[in-house]
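To start, the structure itself, in C-alpha cells.
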Amino acid sequence: MTKLLRYLKNYVPLILAVVVLLIVQAYCDLALPSYTSDIVDIGIQQGGIDNAAADQISASSMEQISWFLTDEEYGLVQDSYTLDGDIYKKNDLSSQEEENLSSVLSAPMAILYQAKQSGNLDLSQVEAAVDAGMVSKEQLLSIKEEALSRMGQVSDAMITSAAVGFVRSEYQSIGVNLEEVQKDYLYNVGGKMLLMTVLMMAAAIAAGFLSSYIAAGVSKNLRNQMFSKVISFSSAEVDKFSTASLITRCTNDIQQIQMTIVMMLRIVLYAPIIGIGGILKVAATHTGLEWIIAVAVGVMLALVLSLVSVAMPKFKKMQGLIDRVNLVSREILTGLSVIRAFGREKYEEERFDEANTNLMKTQLFTNRVMTLMMPMMMLVMNGITLLIVWFSSKGIDTGSMQVGDMIAFMTYTMTIVMAFMMITMISIMLPRAGVAAARVDEVLETEPSIEDKPDTKEADQKVGKGEVVFDHVTFTYPGAEHPVLKDISFTAKPGQTTAFIGSTGCGKSTLIHLLPRFYDVTEGSIRIDGVDIRDLSQHKLRSLLGFVPQKGVLFTGTIESNLKFGGEQITDEQMKEAASIAQAEEFISQKPAGYDSPISQGGTNVSGGQKQRLSIGRAIAKQAKIFLFDDSFSALDYKTDAALRKELNQKLSDATILLVAQRISTVFHAEQIIVLDEGEIVGMGTHEELLAGCPTYQEIVRSQLSSKELGLKEGEQ
C-alpha cells in the first residue's frame with residue numbers, strides 16, 4: 001500500500017479535488033434516505049403537513065390552543081401570526097423560528113386532537129368555563145399536563161403526528177385543499193431528491209474522470225521510469241530479470257497498479273466517507289438499534305481478513321506464473337519456424353498448456369476464495385435486514401418509531417454495510433497490486449552495475465583517431481565461477497582491421513561486447529587513445545562506436561529510418577553511401593518504394609542477408625571512429641562478403657575495425673588476426689604468420705579450405 005501511495009505524491013491537488021467531489025457525492029447519497037423517510041411519514045401518512053406550525057388557523061381554534069399556552073408561549077404564537085378576518089395567517093419565519101413555533105403548538109394541538117377523537121375532554125364545557133372565568137390559567141395548564149399523561153409515554157414524533165392531525169382537520173374546516181397541500185409537499189421533496197441525484201451523479205462522474213486521469217498519469221510515469229531504467233541496464237541486469245519478466249512488469253504489473261489506483265480513489269476514499277456519514281445519520285435517528293451495525297461490521301471484518309489471508313500467498317505466486325506464460329509464448333512465437341521445421345508443435349503446445357494450466361489453477365483458487373465473499377456478504381446483509389425489521393416492528397407497535405424512520409435506518413445501515421463491501425472488493429485487488437508494485441519497485445530500485453563516474457564531463461572528453469588497447473583484460477560473467485576471457489592484451493590501430501577467430505564459445509563476442517561497456521571488465525582495462533573507457537561517459541563512448549550485432553536487429557519503420565537510426569545528423573547522401581558500402585543498394589533499388597519501403601517488426605519482411613546488410617549499413621552511416629562487427633557477415637554469400645570487405649577497406653580507411661568471424665575468407669586480409677581458444681589468445685598476427693606458426697589457426701584453416709586451396713595459398717606466400 002505504501003508503494004502505491006508513493007506513486008501519487010505528484011497528484012496531491014487532484015486527489016484533494018477527488019476527495020471534495022466524493023464528499024459531495026456522499027452528502028447527496030446520505031440525504032436521499034431522509035427524503036424517502038419524509039415522503040413516507042410526512043408526504044403519505046401526514047398528508048404533506050410536516051409540523052404543527054400551521055399556515056392558517058381559525059380564530060376559534062387559536063383561542064382553544066391559547067388555553068394550554070403560557071403567557072410567554074402565547075406571545076410567541078401571537079408574534080408568528082397575523083389575524084386576517086377570522087383566520088390567523090402565519091408570517092414569514094426562519095427555519096429556526098418555525099421549529100420553535102411547532103414545538104410550542106405541538107402539545108396543545110395534540111391534546112385538542114385527542115380530545116376530539118376520544119371525547120375524554122368536553123371542549124365546549126371548557127370553553128364555557130373559561131368564558132365565565134371559572135377556570136384559571138393554572139388549571140388549564142394542569143389539564144394539559146394531565147392530558148399528556150393520559151396519552152402515555154410517546155415519542156415526540158408521535159405527539160407531532162397528533163398535532164398534524166389537528167392541523168389537517170383545521171385545514172379541512174377552513175376549506176384548504178388538502179390534496180394540493182400533499183401534492184405540493186411531494187413535488188417539493190421529490191424535486192430535492194432529483195436535484196440531489198443529479199448532483200450526486202455529476203460528482204461521481206467528475207470524481208471518476210479525475211481518478212482515471214490520475215491513474216493513467218501514474219501509469220504513464222511508471223512506464224517512462226521503467227523504460228528509462230531498463231535502457232540504462234547493462235546486460236547483467238537484463239539477464240537477471242529476463243526479457244519476458246521485464247515486459248510483464250512494464251505492461252501487466254503497471255496495468256494492475258493503474259486499475260487499483262482508480263479503485264482506491266473511487267472506493268477506498270469513498271467508503272470511509274459514506275460509512276462515517278452513515279453512522280452519524282444512524283445516530284441521529286435515535287432508534288436505539290445502533291448495536292446491529294456494530295455486529296454487522298464485526299462479522300464482515302472477520303470475514304474479509306480470513307479470506308484475504310488465505311488468498312494473499314496465491315496472489316504473490318500469480319505474477320510469477322504470468323511471467324512464465326509470457327516467456328513460453330515469446331519463445332514459441334519467436335521460434336515458430338524452427339518449431340515447425342522440427343515438428344515440435346505438439347511438444348510446444350504441451351509446454352504452453354502446462355504454464356497456462358498452472359496460472360489457471362492459481363487464478364481459479366483465488367477467484368473461488370474471493371467469490372465466497374459476495375454470497376457471505378449478502379447473507380450478512382439479509383440477516384441485518386431481518387434484525388432491523390424485527391426490532392423496528394416492536395418500536396412501531398409501541399409508537400416509539402415510525403415506518404419512515406425504519407426505512408431510513410435500514411437504508412443507512414445498508415449504506416454502511418455497502419461501504420465495507422466496497423472495501424472488501426478493493427481488498428481483492430490490493431494484494432495483487434501490492435505484488436505488482438513490489439515487482440515494479442524492484443526494477444526501479446535496481447542500480448545499473450555500469451554507470452558513469454560522478455565527475456564525468458562529456459565536454460572535456462577528447463578522443464583522437466580511435467586506437468583501441470586491451471590491457472591484460474580478464475572478464476567473468478556475474479555468478480560464474482571461471483572467467484570467460486583471461487589476460488587479453490592487444491592494440492587495434494586506426495586504418496587497420498583486427499579480426500577475431502576461434503572455436504564456438506571461446507569468448508569472441510564477449511570480447512567485442514566489453515568495448516561498448518555492455519559488461520565491464522573484471523580485471524585490466526580497455527583504453528581508446530589512452531583514455532580508459534570507464535572514464536568516458538557511456539554516451540560519449542558509444543558515439544565513437546558503430547556496432548553491428550551477431551543477430552541483425554531492425555526496427556518497425558522504413559529502410560530509411562533504420563539506416564538513419566544513428567542520429568538525425570545523418571544526411572541522405574551519407575545514408576545512400578552507407579547502403580552502397582554494405583551492398584544493400586541493389587535490393588533497395590529493386591523495391592518500388594526504395595528507401596521508403598516499410599520494415600515490419602523485427603525485420604520479418606526482409607531476408608536474413610538483407611537484414612544483416614541493413615544492420616551493417618546502419619553502423620556505417622553513423623561514421624564512427626571504431627566499428628565492431630560481431631560475426632556480422634555470416635548470412636552473406638562469399639561474393640557479397642568479398643565485395644563488402646573491399647568497400648570497407650576503401651571507404652573506411654581511417655577507422656578502427658574490430659571484426660569477429662567464423663570464416664577464414666572473412667578475416668583473410670585483416671592486418672591483425674587474433675586467435676582465441678577457451679578465452680585466451682593463442683595466436684596473433686597476419687594470415688601468413690599464423691598459418692606458419694599457430695596450430696589452432698592451422699586447424700581452423702584446414703577445416704574450411706581444401707588441400708588444393710591451401711596449396712594455392714601457400715604457393716602465393
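What follows is calculated from the coordinates using simple rules that are stated; it is not laboratory data. Keep in mind the model is a prediction, meaning the values are calculated, not measured. Positions of Cβ are backbone-derived with ideal geometry, glycine not excepted, and every protein chain shown enters the neighbour counts.
Brief remarks on what is shown
- In the distance distribution for the range 235-366, Cα-Cα pairs more than 28 Å apart total 46 percent.
- Across the alpha-carbon set of the range 565-717, the Rg to Rh ratio works out to 1.02, Rh being the Kirkwood radius.
- On the basis of the beta-carbon distance and an R0 of 22 Å, residue 179 and residue 55 show a calculated FRET efficiency of 0.90.
- Spin-label model, residue 128 to residue 651: label points 7 Å out along the Cα-to-beta-carbon direction sit 13.1 nm apart.
- Of the GluC sites (Glu not before Pro) found in the range 524-588, the ones in coil according to DSSP and having at most 13 other Cβ atoms within 10 Å of their Cβ are 568.
- FRET E, pair residue 356, residue 426, Förster distance 30 Å, beta-carbon r, rounded to 0.05: 0.60
- Net length gained if the chain between residue 117 and residue 186 were fully extended (0.36 nm per residue, minus Cα distance): 22.1 nm
- Fewest-first sequence of 88, 213, 74 by Cβ atoms within 10 Å of each Cβ: 213, 74, 88
- Residues of type aspartates and glutamates that residue 89 reaches as a straight line, Cα spacing below 16 Å, ignoring anything fewer than 8 places off in the same chain: 55, 63, 79, 97, 98, 170
- In a DSSP loop and with at most 15 other Cβ atoms within 10 Å, the GluC sites (Glu not before Pro) in the range 467-529 are 481.
- Under 23 Å from residue 220, Cα to Cα: lysines that are on another chain or at least 8 residues apart: 3, 9, 229
- Fully extended contour minus Cα-Cα distance, from residue 145 to residue 94, at 0.36 nm per residue: 15.4 nm
- Placed amide H near residue 466: partners under 5 Å, 5+ positions off or other chain: 529
- Kirkwood Rh and Cα Rg combined as Rg over Rh, evaluated for the range 1-53: 1.40
- Note that the range 695-703 has calculated 3J(HN,Hα) couplings of x, 5, 5, 4, 5, 5, 4, 5, 6 Hz, one per residue in order, obtained from phi through the Karplus relation 6.51 cos²θ - 1.76 cosθ + 1.60 (θ = phi - 60°); glycine and proline are x.
- Within the chain, helix-based [θ] at 222 nm, where runs of 4 or more DSSP H residues each add -39,500 (n - 2.57), nearest 500: -20500 deg cm²/dmol
- Degrees, to the nearest 10: 290-334 long Cα axis against longest axis of the chain: 20 degrees
- Annotation: extensible slack from residue 639 through residue 572 equals 21.4 nm (criterion: 0.36 nm per residue apart, minus Cα-Cα distance).
- Here the Debye sum runs over all C-alpha atoms of the range 553-620 as equal scatterers in vacuum, and log10 of I(q)/I(0) at q = 0.15, 0.17, 0.18, 0.29 Å⁻¹ comes out as -0.37, -0.48, -0.55, -1.57.
- Beta bridge orientation in the chain: antiparallel %, DSSP, nearest 5: 60 percent
- In the chain the longest region clear of trypsin sites (Lys or Arg not before Pro) that are loop-assigned by DSSP and have at most 12 other C-beta atoms within 10 Å covers 1-456.
- Residues whose amide H comes within less than 5 Å of that of residue 477, counting only those at least five positions distant or on another chain, are 484 (H built at 1.01 Å from N in the peptide plane).
- Hydrodynamic radius by Kirkwood, which averages 1/r over all alpha carbon pairs of the chain, in angstrom: 34.3 Å
- Per-pair calculated FRET efficiency, R0 = 56 Å: residue 301 and residue 682 via Cβ, rounded to 0.05: 0.15
- Nearest 10 degrees, 0 to 90: helix 12-38 Cα axis against the chain principal axis: 30 degrees
- Cα-centred dipole magnitude for the chain, charges only on beta-carbon of K, R (+1) and D, E (-1), debye, nearest 20: 3200 debye
- Put simply, the amide H of residue 671, placed in the peptide plane, has neighbours under 5 Å in 497, leaving out anything fewer than 5 places away on its chain.
- Remark: the range 382-392, residue by residue, has Karplus-estimated 3J(HN,Hα) of 5, x, 5, 4, 4, 4, 4, 4, 4, 6, 5 Hz, where x stands for each Gly or Pro and the curve is 6.51 cos²θ - 1.76 cosθ + 1.60 at θ = phi - 60°.
- Helix axis angle, 137-150 relative to the chain longest principal axis, alpha carbon, degrees: 60 degrees
- The alpha-carbon of residue 346 sits under 17 angstrom from the alpha-carbons of these aspartates and glutamates, leaving out residues fewer than 8 places away in its chain: 331, 354.
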